[in-house]
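This report concerns only the one structure given below.
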Amino acid sequence: MRSPVLLSSLLLAAPLAVSAAGTLGFAVGNTNPDGSCKKQSDFEDDFKAIQSNTDATIVRTYSSSDQYANPCNTPSEVLAAAKSAGIKVVLGMWPDGGAYAKEKAAIDAANPTQYGDTLYAITVGSEGIYRGTYSADDLVGWLKDMKNDYPDVTIGTADSWNGWANGSMDSIIQNVDLVLANGFAYWQYQEISNATKTYFDDMAQALGHVQEVSGSLDKVKFMNGETGWPGTGGTDAGAAKAGDDNMKTYWQSAVCGLLDWGVDLFWFEAFDEPDKPDAIGDNGQKASEQHWGSFTSDRKPKFDMHC
Ligand SMILES: *[C@@H]1O[C@H](CO)[C@@H](O)[C@H](O)[C@H]1NC(C)=O
Ligand SMILES: *[C@@H]1O[C@H](CO)[C@@H](O)[C@H](O)[C@H]1NC(C)=O
């Protein structure tokens, strides 16, 4: 085994090999503040706000049929909007609770390959191993099924950085083209002054282990699938204090810093979601997930998002 110090050096080596900065992306929800499904025109408004206030060129979604109650048909709506805006999409499937077939039907109905390189990748699942909502075996089966039906599309999945780093997801690393490793210093109860260090350490461990298991520096594409910090109105997590000032500090230090190292990342999330139910945090307590946007729900930027 390589030591964590050496694993970190793999990440440190990456930007020397590629001089370009990492790509900035945003996580976007598929419902409007009133709970209705986003249509093409809603996603177009999202992309207009993102493109006029940030350097982002890609977004990721989470579910294709419905995440809460509505049948949203997100793939056709988001891909059409993205194509006209010149944005790339990582199309998410939410297979939890027996929804894989329904999610796949929504993908198939959109015929996503017709959108060319607007479709960057398809991801099956988001943090389901971490949350215990599906098993690694289930996930490998779904990933193989998607790769079989979409051999030319980049297929991946998203999960917490520690699952990618600690060996519990090695069977998945061997069956994906793309790893999205989520990392939140906030959920690790870090005070803002130590948050960037924690985030970099998380990403270095996850990337190092993916490289080790895949036996290559770049055979499996690695991106930070989510990072973020709750803004004003959000819940504190130990020493991690919610607030727009801390969100801005985290962006300038952690987000701009990781992009500078050449790692692609998705900010969670673009827009506040006032309709979103509370999440259960690592401490078992309810935490608001409504104030994580770097834009308000009516698409006003909370701070300058250029690095
Ligand atoms: C690895 O990380 C996952 C995801 O956080 C966790 O559920 C699991 O208990 C960890 N396994 C080990 C062996 O530490
Ligand atoms: C700061 O972050 C590092 C990396 O995650 C961690 O090892 C250390 O314990 C943290 N320091 C404090 C004071 O929490």
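Observations on the structure shown:
- Filtered by the rule that a residue be modelled with pLDDT of 95 or more, in a loop (DSSP other than H, G, I, E, B) and under 19 Å from F303 (Cα atoms), region 259-290 gives F268, E269, A270, D272.
- In region 160-172, the residues that are buried (at least 19 other Cβ atoms within 10 Å of the Cβ) and not in a strand (DSSP E or B): W161, G163, W164, A165, M169, I172
- Filtered by the rule that a residue be closer than 13 Å to T249 by Cα and either in contact (Cβ under 8 Å) with a residue 40 or more places away in the chain or crowded, with 20+ Cβ neighbours inside 10 Å (or both), region 192-206 gives I192, A195, T196.
- Residue in region 215-222 that is surrounded by fewer than 16 Cβ atoms within 10 Å (Cβ to Cβ), over 15 Å from W164 (Cα atoms), of a type in the set (S, T, Y) and more than 15 Å from the chain's Cα centre (by Cα) present: yes
- Looking only at region 263-282, residues that are surrounded by fewer than 19 Cβ atoms within 10 Å (Cβ to Cβ), in contact (Cβ under 8 Å) with a residue 60 or more places away in the chain and not acidic (D, E) come to 3 in all.
- The residue that is farthest from F184 (Cα to Cα), counting only those in region 120-139 that are part of a strand (DSSP E or B) and either within 16 Å of ligand 1 (Cβ to nearest atom) or touching a Phe, Trp or Tyr at 6+ places or on another chain (Cβ under 9 Å) (or both), is I122.
- Of the candidates W229, W142, W187, the single residue that is crowded, with 17+ Cβ neighbours inside 10 Å and within 14 Å of ligand 1 (Cβ to nearest atom) is W187.
- The single condition among (1) within 16 Å of ligand 1 (Cβ to nearest atom); (2) assigned to a loop (DSSP other than H, G, I, E, B); (3) among the polar types (S, T, N, Q) that T157 does not meet is (2).
- For region 59-79, a residue qualifies if it is aliphatic (A, V, I, L, M) and surrounded by fewer than 19 Cβ atoms within 10 Å (Cβ to Cβ), and exactly one does: A69.
- A search for C-beta distances below 7 Å between a residue of region 148-164 that is under 18 Å from G208 (Cα atoms) and any residue that is among the acidic types (D, E) and within 16 Å of ligand 2 (Cβ to nearest atom), counting only pairs 6+ apart in sequence or on different chains, returns W161/D202.
The values are calculated or read from the model by the stated rules, or taken from the named source; none is laboratory data. Predicted, not measured: the structure shown is a model, and the values here were computed from it. Neighbour counts run over all protein chains shown; Cβ positions are idealised from the backbone, glycine included.
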